[in-house]
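Student: Could you have a look at this structure, given as structure tokens, before my questions?
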Amino acid sequence: MRSTMIEKTASDLPVSPNWLDSAQARAAFSWAAEARELVGLPGGGLNLAFEAVDRHAQGPRQDRIALRLLDRDGHSRDISYRALGLQTNRFAHLLQRLGVASGERLFVLCERGLELYLGVLGGLKHGCVVSPLFSAFGPEPIATRMRLGEGSILVTSEVLYRRKVADIRASLPSLKHVLLFGIPEGEALPDGTLDLHAMLADAEDSFTVAPTTAESPSLLHFTSGTTGTPKGALHVHGAAVTHYVTGKYALDLHPDDIYWCSADPGWVTGTSYGILAPLMLGVTCIVDCAEFDAERWYRILEQQRVSVWYTAPTAIRLLMKAGAALAAAHHFPALRFVASVGEPLNAEAVWWGKEVLGHPIHDNWWQTETGGIMIANTAAMAIKPGSMGKPLPGVEAAIVDHSEEGRLTLLGNEQVGELALRKPWPALFRAYLGQAERYQRCFAGDWYLSGDLARRDSDGYYWFVGRSDDVIKSAGHLIGPFEVESVLMELPAVAEVAVIGKPDPLLGETVKAFVSLKGGYAASPALHDELLGHARKRLGAAVAPKELEFVASLPHTRSGKLMRRLLKARELGLPEGDLSTLENPS
Ligand code: ATP
Ligand code: MG
């Protein structure tokens, strides 16, 4: 029988009671005005890219590898902190030459490679507001986001430009400069574009970082679109504090780590924890350009000697689906810490990590809006498999009930309610672009309302119940899809499950489960009945699904989240809504 707790994996973490504004965190930043001016950041301001790159590029660890870029064929290219410092300076300098003003919006539409990092970090150095997009987006999602964000500069490759941007360019009146790379030899630049590498070669090595402050806008991130049309969340440079301390304590990053965040920067995880936090902590980041492939991912973990890995439940479930034989062919002696975010992580997946990777997986919770990790199973505490962990020191979380008029009641342990966080904290978003009223609705008094339902147990651990939009009400019961999905995931045949509520005249709603199976298992009436029987035994008839359908695969967002709203819309014959973030729309 498995226990309900996994003891902590480290005991030496100096978690101060309130690091978000502790002297410790401040000391870790070169915040003193004099220090800033010495290295070229006047006025004692704060700039994310300066903290991520220049602090190291000018210090004793400047030769440390900042980025190890992997290409499709398995070749790698290393970029030191010093080189990253010079190249991002050049990028910022070329923006200056173009006459780009501070605060202008720079969009990055790149596959995971050097130009993506130069665009994000060089843009931030110059004082631009940077918005990274998924390179897999089609023309329409690109256009909608660039119009909302009034993008005036775009960094992209020749291929992506030709396929996705050229035809929508006329509909983007604010777009002034397109910086292209990957131009085939001997080919002319498309009309109205600039050659990024030629301009970089022409730019200067030194650059004085823009005088941004903690309150200057820095990044524009679009939400995943799991529950509806994606919202554009605006962040500030002060988020550096949250990135730094959460990278250190929630991801347990140490200076000699080799770290891999497998999220794309088109999703906030890939920016906060794929670019900013790890660089601030001076680690080596693995950057892989390819999409998920079980064998390739195991190989990266093994051959690159990854010590800290940050990934997502979908990827873990796909590795589980790929089977034990593939896993057994690889060994991970360098791996020390594995964390997951984005969706609830089933207890089964936490245990799989312990068995296959040699380490249980540390779930943590946050959102595009929070800018950084808020609730986590850290290395310094025991893991409860299936729980998101506890609020990080300095984060005040609560389970609340609130009325339409914004009156708020704090609920006790074991009660289900909305997960709320006391504001402010450095990485808290400052606006939903163009949706002031929607932004206001996220707050009640001192509290930020997450839109997620959860409960807290008597040990202070938080358990995800569901998004308020996905929760099912059946015969007076409030059913969180995650609880039902986790129970079905216990059976060896099951690869993935999504559960929705279907309107029912008698019960309000009934539960329907969509199930995809692991390789080697075939759908059959017997398996169908076995799954429903197991769910009834574990959950009781009131909560267990009444209906179950086998499907080849389930719809996901590009950030790897189950799109339950799409299953529901299809089931009920309703409009499918915004599908701009849907992965593999076919
Ligand atoms: P949208 O807001 O457009 O519907 P989204 O909420 O999926 O999309 P993100 O900001 O990328 O956009 O995701 C944050 C959400 O992901 C959280 O509100 C929560 O529902 C879910 N989530 C993140 N981490 C966890 C976790 N560890 N456990 C459970 N759910 C999680
Ligand atoms: Mg959301």
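The values are calculated or read from the model by the stated rules, or taken from the named source; none is laboratory data. Note that this is a predicted model, so its numbers are computed, not measured. No Cβ is skipped: glycine too gets one built from the backbone with ideal geometry, and neighbour counts run over all protein chains shown. Note: accessible area is taken over every heavy atom of the protein model, side chains too, but ligands, DNA and RNA are not part of it. Shrake-Rupley method; radii C 1.70, N 1.55, O 1.52, S 1.80 Å.
Student: Go through the residues of the stretch 280-289 one by one and say whether even a single one is assigned to a helix (DSSP H, G or I) and either on the phi < 0 side of the Ramachandran plot or more than 14 Å from the chain's Cα centre (by Cα) (or both).
Tutor: Yes, that holds for at least one residue.
Student: Is it fair to say LEU200 is in contact (Cβ under 8 Å) with a residue 12 or more places away in the chain, assigned by TED's automatic domain parsing to the domain that holds ARG68 and within 16 Å of ligand 1 (Cβ to nearest atom)?
Tutor: No.
Student: If a residue counts only when it is surrounded by fewer than 18 Cβ atoms within 10 Å (Cβ to Cβ), which strands (runs of 3 or more DSSP E) contained entirely in the stretch 58-125 have at least 3 such residues?
Tutor: Those strands (runs of 3 or more DSSP E) span 76-80.
Student: Taking the condition of a type outside the set (Lys, Arg), open to solvent by less than 70 Å² (accessible area, probe 1.4 Å) and part of a strand (DSSP E or B), does LEU566 pass?
Tutor: So LEU566 does not fit the description; no.
Student: Given the criterion within 16 Å of ligand 1 (Cβ to nearest atom), more than 21 Å from the chain's Cα centre (by Cα) and not acidic (Asp, Glu), identify the matching residue among ILE373, ILE399, ILE361.
Tutor: Exactly one residue qualifies, and that residue is ILE399.
Student: Would you check if GLY192 is within 16 Å of ligand 2 (Cβ to nearest atom), exposed (fewer than 14 other Cβ atoms within 10 Å of the Cβ) and outside any strand (DSSP E or B)?
Tutor: On the way: within 16 Å of ligand 2 (Cβ to nearest atom): no; exposed (fewer than 14 other Cβ atoms within 10 Å of the Cβ): yes; outside any strand (DSSP E or B): yes.
Against the criterion (within 16 Å of ligand 2 (Cβ to nearest atom), exposed (fewer than 14 other Cβ atoms within 10 Å of the Cβ) and outside any strand (DSSP E or B)), GLY192 does not qualify.
Student: Looking at the stretch 101-111, can you tell me whether even one residue there is of a type in the set (Gly, Ala, Ser), in contact (Cβ under 8 Å) with a residue 24 or more places away in the chain and in contact with a Leu (Cβ under 8 Å, 6 or more places away or on another chain)?
Tutor: No; the residues of the stretch 101-111 include none that is of a type in the set (Gly, Ala, Ser), in contact (Cβ under 8 Å) with a residue 24 or more places away in the chain and in contact with a Leu (Cβ under 8 Å, 6 or more places away or on another chain).
Student: Continuing with this model, one more query. Can LEU253 be described as within 16 Å of ligand 1 (Cβ to nearest atom) and either on the phi < 0 side of the Ramachandran plot or modelled with pLDDT under 95 (or both)?
Tutor: No: the conditions fail for LEU253.
Student: Report, ordered by the first and then the second residue, all pairs with beta carbons closer than 6 Å, sequence separation of six or more or different chains, a first member in the stretch 148-165 that is farther than 16 Å from ALA136 by Cβ, and a second member that is open to solvent by less than 30 Å² (accessible area, probe 1.4 Å) and among the polar types (S, T, N, Q).
Tutor: Final answer for the pair search is GLY149/SER131.
Student: Turning to a different aspect of this structure: Select from the stretch 458-500 the residues that are in contact with a Leu (Cβ under 9 Å, 6 or more places away or on another chain), open to solvent by 50 Å² or more (accessible area, probe 1.4 Å) and within 16 Å of ligand 2 (Cβ to nearest atom) and list them in ascending order.
Tutor: The answer is ARG467, SER468.
Student: Ok, one more. Return the only residue of THR242, THR213, THR229, THR246 being open to solvent by 50 Å² or more (accessible area, probe 1.4 Å) and within 16 Å of ligand 1 (Cβ to nearest atom).
Tutor: THR229
Student: For ASP452, are the conditions met, namely being assigned to a loop (DSSP other than H, G, I, E, B), closer than 24 Å to GLY501 by Cβ and within 16 Å of ligand 2 (Cβ to nearest atom)?
Tutor: No.
Student: Can you pull out every residue in the stretch 444-453 that is out of contact with any Gly (no Cβ under 8 Å at 6 or more places or on another chain) and modelled with pLDDT of 95 or more?
Tutor: TRP447, TYR448, LEU449, SER450, GLY451
Student: Sticking with this one: Counting just the residues of the stretch 414-453 that are surrounded by 16 or more Cβ atoms within 10 Å (Cβ to Cβ) and among the aromatic types (Phe, Trp, Tyr), which one comes out farthest from SER272 (Cα to Cα)?
Tutor: TRP447
Student: Give all pairs with beta carbons closer than 7 Å in which a residue from the stretch 168-186 that is at pLDDT 95 or above meets a residue that is assigned to a loop (DSSP other than H, G, I, E, B); count only pairs at least 6 apart in sequence or on separate chains.
Tutor: Correct list of pairs: ARG169/LEU175; SER174/GLU150; HIS177/LEU98; VAL178/GLY192; VAL178/THR193; LEU180/LEU189; LEU180/THR193; ILE183/LEU189.
Student: Return only the number of the condition from (1) part of a loop (DSSP other than H, G, I, E, B); (2) away from ligand 2 (no atom under 16 Å from the Cβ); (3) at pLDDT below 95 that GLY238 does not satisfy.
Tutor: (1)
Student: Restricting attention to the stretch 524-583, which residues are β-branched (Val, Ile, Thr) and more than 16 Å from ligand 1 (Cβ to nearest atom)?
Tutor: Correct list: VAL543, VAL551.
Student: Continuing with this model, one more query. Among the residues of the stretch 274-292, are any open to solvent by 10 Å² or more (accessible area, probe 1.4 Å), away from ligand 1 (no atom under 16 Å from the Cβ) and free of Cβ contacts under 8 Å to residues at least 12 places away in the same chain?
Tutor: Yes.
Student: For SER135, are the conditions met, namely being among the polar types (S, T, N, Q), on the phi < 0 side of the Ramachandran plot and surrounded by fewer than 19 Cβ atoms within 10 Å (Cβ to Cβ)?
Tutor: Taking the combined requirement at face value, the residue does not satisfy it.
Student: Another one. Give the stretch 216-225 a look and list any residue that's crowded, with 22+ Cβ neighbours inside 10 Å and either free of Cβ contacts under 8 Å to residues at least 40 places away in the same chain or assigned to a loop (DSSP other than H, G, I, E, B) (or both), or say none.
Tutor: Selection gives THR223, SER224, GLY225.
Student: Moving to a separate point now. On the given criteria, is ASP470 in a loop (DSSP other than H, G, I, E, B) and acidic (Asp, Glu)?
Tutor: Yes; evaluated as a whole, the condition is true for this residue.
Student: I've got another one for you. Among (1) over 24 Å from GLY127 (Cβ atoms); (2) among the hydrophobic types (A, V, I, L, M, F, W, C); (3) buried (at least 23 other Cβ atoms within 10 Å of the Cβ), where does ILE258 come up short?
Tutor: That leaves (3) as the condition not met.
Student: Which of the residues spanning the stretch 332-373 are modelled with pLDDT under 95, within 16 Å of ligand 2 (Cβ to nearest atom) and charged (D, E, K, R)?
Tutor: Matches in the stretch 332-373: GLU343 only.
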